[in-house]
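S.K.: Starting off with a structure, shown below.
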Amino acid sequence: MAHESEERCVHQHAATAAWLMHHPTGTADSFPERPPSMPIPLLSQADQSHWGLFRQPFIQSPGMSVPSQPGEFLFATPEHSQARIWLETVLRNHVGIANLHARPGAGATTWARQWMATHGLDDLPLDVMGAEAADFDRDLCQRWWSVARANQPRGIRTLCIVDGSPPSSTIQWYQQSLKLDPRQSPMTLLVMGQSKFSGVSHSMQVATKSLAGCVLAALTHAGQFQPRLSESAAQLIAEWAAGNYRHLAFWTHLVLAWGAHCRCPRIGSRDIRQFDQQLQRWTAQRATEAA
């Protein structure tokens, strides 16, 4: 009975998986700012026990207002390291506004949460604040500006992060304020998302190799003592994720749940192909039921 329940759980996620396999293609700008809700399927205790795990490899990422916590799984990719170096340069040069261009799922929010948890660089004290784009307006920007002005005489640089695409009118108002104030900008406003505007910018694009490394690192962090997912299998899962960490978490958990149900001792590229075949059968069956 337990095995049947697990199979139904994996089967229920097949519809979402089918959407992912045929997600719209196009430029980064064609993707929605917030893609359709895609909860990560949780592994059962039996699944975790089968793979030697003591916690979920991936969890639903909290919002940017929640700073990263000690012990939380955070995978530093070369792309995130490059973005950090870029932002450090921006801060040291007292840039008033900067744009981190990133597609949804690129890990920008998790990257920003690490900044929210810091109090500064080696020789540059920081006061970091942040908000979702939906909560960012002129009043909030003015409050941040006042805090930054108070921090400036104390030698503290203020970093304010907006996650998403805020109203263009608010950005224009802030840019105009920078021009009207002859004094050095007391804060750096970092806008993360797909909106583009003139000024200092950086693009965060996640490589498939980084995603594959993230899968293996997540399993180790979750307690897997010896690798039971091959590098080639991780690479195939990463390819399905198409540069999206949310999709990566979804696929990883779905494959692990399926592998536990099938009692696979280890998952290699051949097993991934078998899973893909099973997925196609589930998708066809669901299409028939819906007809």
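S.K.: Restricting attention to the stretch 275-291, and to residues there that are of a type in the set (S, T, N, Q) and surrounded by 12 or more Cβ atoms within 10 Å (Cβ to Cβ), which single residue is nearest to Ala260 (Cα to Cα)? Let's see the steps before the verdict.
M.R.: Here is the first cut: in the stretch 275-291, the residues of a type in the set (S, T, N, Q) are 277-278, 280, 283, 285, 288.
Next, only the ones that are surrounded by 12 or more Cβ atoms within 10 Å (Cβ to Cβ) stay: 278, 280, 283, 285.
Working: Gln278: 14, Gln280: 19, Thr283: 20, Gln285: 22 Å.
My answer is Gln278.
Per-residue answers, yes or no, for (1) under 14 Å from Ser203 (Cβ atoms); (2) in contact (Cβ under 8 Å) with a residue 40 or more places away in the chain; (3) in a loop (DSSP other than H, G, I, E, B):
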position	(1), (2), (3)
His80	yes, yes, no
Trp86	yes, yes, no
Thr118	no, no, yes
Asp123	no, no, yes
Asp139	no, no, no
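S.K.: May I ask you to list the residues in the stretch 92-132 that are closer than 11 Å to Thr188 by Cα and surrounded by fewer than 16 Cβ atoms within 10 Å (Cβ to Cβ)? Lay out the reasoning, then the answer.
M.R.: Filtering the stretch 92-132 down to residues closer than 11 Å to Thr188 by Cα leaves 92-99, 126-129.
Result: Arg92, Asn93, His94.
S.K.: I'd like the residue in the stretch 207-224 that is of a type in the set (S, T, N, Q) and without any contact (Cβ under 8 Å) to a residue 60 or more places away in the chain and, out of all such residues, is nearest to Gln82 (Cα to Cα). Steps first, please.
M.R.: As a first pass, look at the stretch 207-224 and keep what is of a type in the set (S, T, N, Q): 208, 210, 220, 224.
The next check asks that each one be without any contact (Cβ under 8 Å) to a residue 60 or more places away in the chain; those that pass are 208, 220.
Numbers: Thr208: 16, Thr220: 24 Å.
Result: Thr208.
S.K.: Let me ask something additional. Within the stretch 253-274, identify whether any single residue is open to solvent by less than 70 Å² (accessible area, probe 1.4 Å) and within 19 Å of the chain's Cα centre (by Cα), and answer yes or no.
M.R.: Going through the stretch 253-274, the residues open to solvent by less than 70 Å² (accessible area, probe 1.4 Å) turn out to be 253-262, 264, 267-269, 271-272.
Narrowing further to those that are within 19 Å of the chain's Cα centre (by Cα): 253-254.
Checked against the condition, which is being open to solvent by less than 70 Å² (accessible area, probe 1.4 Å) and within 19 Å of the chain's Cα centre (by Cα), the stretch 253-274 yields at least one hit.
S.K.: Would you call Ser203 hydroxyl-bearing (Ser, Thr, Tyr), surrounded by fewer than 22 Cβ atoms within 10 Å (Cβ to Cβ) and part of a loop (DSSP other than H, G, I, E, B)? Give the derivation first.
M.R.: Numbers: hydroxyl-bearing (Ser, Thr, Tyr): yes; surrounded by fewer than 22 Cβ atoms within 10 Å (Cβ to Cβ): yes; part of a loop (DSSP other than H, G, I, E, B): no.
Judged against the criteria, Ser203 is not a match.
S.K.: Quick one: which of Leu248, Leu219, Leu254 is touching a helix residue (DSSP H, G or I) at 6+ places or on another chain (Cβ under 8 Å), closer than 24 Å to Gly105 by Cβ, part of a helix (DSSP H, G or I) and at pLDDT 95 or above? Don't jump to the end; show me each part of the working.
M.R.: Working: Leu248 fails: at pLDDT 95 or above; Leu254 fails: at pLDDT 95 or above.
Only one candidate qualifies: Leu219.
S.K.: I've got another one for you. Counting just the residues of the stretch 133-170 that are in contact with a Ser or Thr (Cβ under 8 Å, 6 or more places away or on another chain) and β-branched (Val, Ile, Thr), which one comes out least open to solvent (accessible area, probe 1.4 Å)?
M.R.: Here the answer is Thr158.
S.K.: Does Ala233 meet the test of being part of a helix (DSSP H, G or I), open to solvent by 10 Å² or more (accessible area, probe 1.4 Å), touching a residue at least 24 places away in the same chain (Cβ under 8 Å) and within 29 Å of Gly71 (Cβ to Cβ)? Don't jump to the end; show me each part of the working.
M.R.: Working: part of a helix (DSSP H, G or I): yes; open to solvent by 10 Å² or more (accessible area, probe 1.4 Å): no; touching a residue at least 24 places away in the same chain (Cβ under 8 Å): yes; within 29 Å of Gly71 (Cβ to Cβ): yes.
Against the criterion (part of a helix (DSSP H, G or I), open to solvent by 10 Å² or more (accessible area, probe 1.4 Å), touching a residue at least 24 places away in the same chain (Cβ under 8 Å) and within 29 Å of Gly71 (Cβ to Cβ)), Ala233 does not qualify.
S.K.: Something else: Restricting attention to the stretch 57-72, and to residues there that are open to solvent by 50 Å² or more (accessible area, probe 1.4 Å) and not small (Gly, Ala, Ser), which single residue is modelled with the highest pLDDT? Outline the logic, then answer.
M.R.: As a first pass, look at the stretch 57-72 and keep what is open to solvent by 50 Å² or more (accessible area, probe 1.4 Å): 59-61, 65-66, 69-72.
Retained after the next criterion (residues that are not small (Gly, Ala, Ser)): 59-60, 66, 69-70, 72.
Working: Ile59: 88, Gln60: 85, Val66: 76, Gln69: 75, Pro70: 73, Glu72: 78.
Of everything passing the filter in the stretch 57-72, Ile59 is modelled with the highest pLDDT.
S.K.: Quick one: is Trp51 at pLDDT 95 or above, of a type in the set (A, V, I, L, M, F, W, C) and open to solvent by less than 30 Å² (accessible area, probe 1.4 Å)? Give the derivation first.
M.R.: On the way: at pLDDT 95 or above: yes; of a type in the set (A, V, I, L, M, F, W, C): yes; open to solvent by less than 30 Å² (accessible area, probe 1.4 Å): yes.
For Trp51, the condition - at pLDDT 95 or above, of a type in the set (A, V, I, L, M, F, W, C) and open to solvent by less than 30 Å² (accessible area, probe 1.4 Å) - is met.
S.K.: Looking for something at positive phi and of a type in the set (Gly, Ala, Ser) - is there at least one such residue anywhere in the stretch 179-197? Please lay out each step first, then the result.
M.R.: If we filter the stretch 179-197 for residues that are at positive phi, which is where we start, we get 193.
Applying the additional criterion that residues be of a type in the set (Gly, Ala, Ser) yields 193.
The answer is yes; a qualifying residue exists.
S.K.: Checking the structure you have, find out if any residue of the stretch 163-179 is hydrophobic (A, V, I, L, M, F, W, C) and free of Cβ contacts under 8 Å to residues at least 60 places away in the same chain.
M.R.: Within the stretch 163-179, the first condition is being hydrophobic (A, V, I, L, M, F, W, C), and the residues that meet it are 171, 173, 178.
Among the residues that remain, those that are also free of Cβ contacts under 8 Å to residues at least 60 places away in the same chain are: 173.
Yes - at least one qualifying residue is present in the stretch 163-179.
The values are calculated or read from the model by the stated rules, or taken from the named source; none is laboratory data. No experiment lies behind these values; they were computed from the predicted model shown. Cβ coordinates were reconstructed from backbone atoms using ideal geometry, including for glycine residues, and neighbour counts include every protein chain displayed. Surface areas here come from the heavy atoms of the whole protein model, side chains and all, with no ligands, DNA or RNA. Shrake-Rupley method; radii C 1.70, N 1.55, O 1.52, S 1.80 Å.
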